[in-house]
Amino acid sequence: MEIAFFSTQSYDRETFDRFRGDHRLHYFSASLDEQTVRLAEGFEAICVFVNDRLNGGIIRHLAGKGLKLIALRCAGFNNVDIAAAAEAGVRIVRVPAYSPQAVAEHALALILTLNRKTHKAYNRVREGNFSLERLTGFNLHGRTVGVIGTGLIGSTFARTIHALGMQVLAYDIHPDPELTFAEYLPLEELLRRSDIVSLHCPLNASTRYLIREETLAWMKDGVMLINTGRGALVHTIDVIEALKSGKIGFLGLDVYEQEEHLFFRDLSETIIQDDTIARLMSFPNVLITAHQAFLTQEALDEIARTTLNSLAEYQAGQPLTQELGRQ
Ligand code: NAD
């Protein structure tokens, strides 16, 4: 099959080329949006990532040019107008479980780095500063973590932090009966009792701005907030106010609501126009990574294998194992 790939980076191309078989993959580094949509015209299948724009207009336009299949090489699908795709007869596959460990371990990396300030220690020592002043952390053992969303990633994260001796509180509309060590609570109680809150639910109408002024007020003073889910799970302006007041003591973000204009590119020589992220970057207790929680070799291999398998199933006219709504 001929497939147009959007938002590709070197690691995507290297991994997909290893698994591609007879498929002809057309790699574009551009993301899919109204300006680049012409690149996808005439392709029966396109492969896209988290920030490619698949709104109704783009889907209908491409369906009119022959698009039949959208392959998301990610788990989240908040960037796709699913109803428009169904109406246009365009099927959607995704990679629901490429590596929950990759994301869970990155959430833990954010916690450990913010807490023990290894990023600051690294820079200090490189400059010959061996002082330990202002590097004091706290023991994770015995602390309470609130896990919001205990699906594949959240439950993996919960098991990992439980193994470190942390108390696990959980909030999910579908509790996982296998997480016997976790105490499921209503959101307010979880937020009132947690030293660390980590977000692992999908972005949808019920979770947009789950963390906002009202829910931030329930949290402990000095709480650590970790978001490896999706940017709009938090109301960023409210979070900035909570950082200024000290309500949030540590903030670890791998996702950001306006990330499509920033992440996955080198903007080091340009003037950042987004004042909100610039303000976030100015806090000494904020750690931002650019949507890299998924980025392990194991996850990349699994993303490529699953996506190419879906394309093979489609080509053979078989049921699509990873079709959205099927799993
Ligand atoms: P999943 O579907 O296995 O789990 C999501 C869980 O959230 C489910 O248990 C569901 O019941 C729960 N949930 C849904 N709505 C809720 C609500 N209103 N309140 C509380 N819980 C709710 O998904 P997953 O594989 O664990 O992934 C979770 C999210 O992580 C994805 O949707 C995606 O946005 C994000 N993600 C980020 C990265 C990254 O690189 N940063 C990588 C993969 C996934």
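Tabulated results
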| quantity | calculated |
| --- | --- |
| Carbon + sulfur, % of accessible area of segment 100-288 - ligands and nucleic acids excluded, 1.4 Å | 53 percent |
| Extension gain, residue 2 back to residue 297 (0.36 nm per residue minus Cα-Cα distance, nm) | 103.7 nm |
| Size of electric dipole in the chain: Cβ of Lys, Arg +1 and of Asp, Glu -1, about Cα centre, debye, nearest 20 | 460 debye |
| Extreme residue, positive dipole direction of the chain, given options 146, 161, 11 (C-beta unit charges) | 161 |
| In segment 86-137, the trypsin sites (Lys or Arg not before Pro) that fall in loop regions by DSSP, at most 15 other Cβ within 10 Å | 134 |
| 5 angstrom amide H check on residue 184, placed H, neighbours 5+ away | 170 |
| Amide H partners (placed H, <5 Å) of residue 146, local residues excluded | 169, 195, 196, 197, 198 |
| Leading residue at positive end of dipole, the chain (Cβ point charges), from 55, 312, 186 | 186 |
| Under 19 Å from the residue 125 label point (7 Å along Cα→beta-carbon), backbone N, segment 265-289 | none |
| Charge dipole magnitude, Cβ of K and R +1, D and E -1 - segment 100-288, Cα centre, debye nearest 20 | 640 debye |
| Added length on full extension, which subtracts the Cα-Cα distance from 0.36 nm per residue, residue 278 to residue 17 | 90.3 nm |
| Partner lysines for residue 117 [C-alpha distance under 26 Å; skip if fewer than 8 residues away on the same chain] | 220, 244, 247 |
| Phi-based couplings in Hz for segment 74-82 (Karplus 6.51, -1.76, 1.60; Gly and Pro marked x) | 7, 8, x, 9, 5, 8, 10, 7, 5 |
| For segment 177-189, Karplus couplings with θ = phi - 60° (6.51, -1.76, 1.60), whole Hz, Gly/Pro x | x, 7, 8, 5, 7, 8, 9, 6, 9, x, 3, 4, 5 |
| Rounded to 10°, Cα long-axis angle of helix 152-163 versus longest principal axis of the chain | 30 degrees |
| Aspartates and glutamates whose Cα lies under 16 Å from that of residue 65, excluding same-chain neighbours fewer than 8 positions away | 2, 33, 34, 41, 44, 87 |
| Max mean-square fluctuation residue, GNM over the chain, Cα-Cα springs under 10 Å, options 237, 59, 70 | 237 |
| From phi via Karplus (6.51, -1.76, 1.60), per-residue ³J(HN,Hα) for segment 297-311 in Hz, x at Gly/Pro | 4, 4, 5, 4, 4, 5, 4, 5, 4, 5, 5, 5, 5, 4, 5 |
| Per residue solvent-accessible surface (Å²) - the chain, probe of 1.4 Å | 48 Å² |
| Segment 301-327 versus segment 9-75: alpha-carbon centroid distance in Å | 15 Å |
| For the chain, calculated [θ]222 nm from helices alone, where every DSSP H run of n ≥ 4 adds -39500 (n - 2.57) | -10000 deg cm²/dmol |
| Kirkwood-based shape ratio for the chain, expressed as Rg/Rh from alpha carbons | 0.99 |
| In Å, descending, principal axis extents of the Cα set of segment 236-327 | 57, 32, 22 |
| Calculated P(r) tail over 28 Å for segment 1-152, as whole % of Cα pairs | 43 percent |
| Cβ-based net charge around residue 62, under 15 Å, with every Lys or Arg adding one and every Asp or Glu removing one | -2 |
| Convex hull per residue volume in Å³, alpha carbons only, for segment 100-288 | 129 Å³ |
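The values are calculated or read from the model by the stated rules, or taken from the named source; none is laboratory data. What you are looking at is a predicted structure, and each value in this text was computed from that prediction instead of being measured. We place every Cβ from the backbone using ideal geometry, glycine too, and count neighbours over all the protein chains shown. Just the protein is used for accessible areas: all its heavy atoms, side chains included, with ligands, DNA and RNA removed. Shrake-Rupley method; radii C 1.70, N 1.55, O 1.52, S 1.80 Å.
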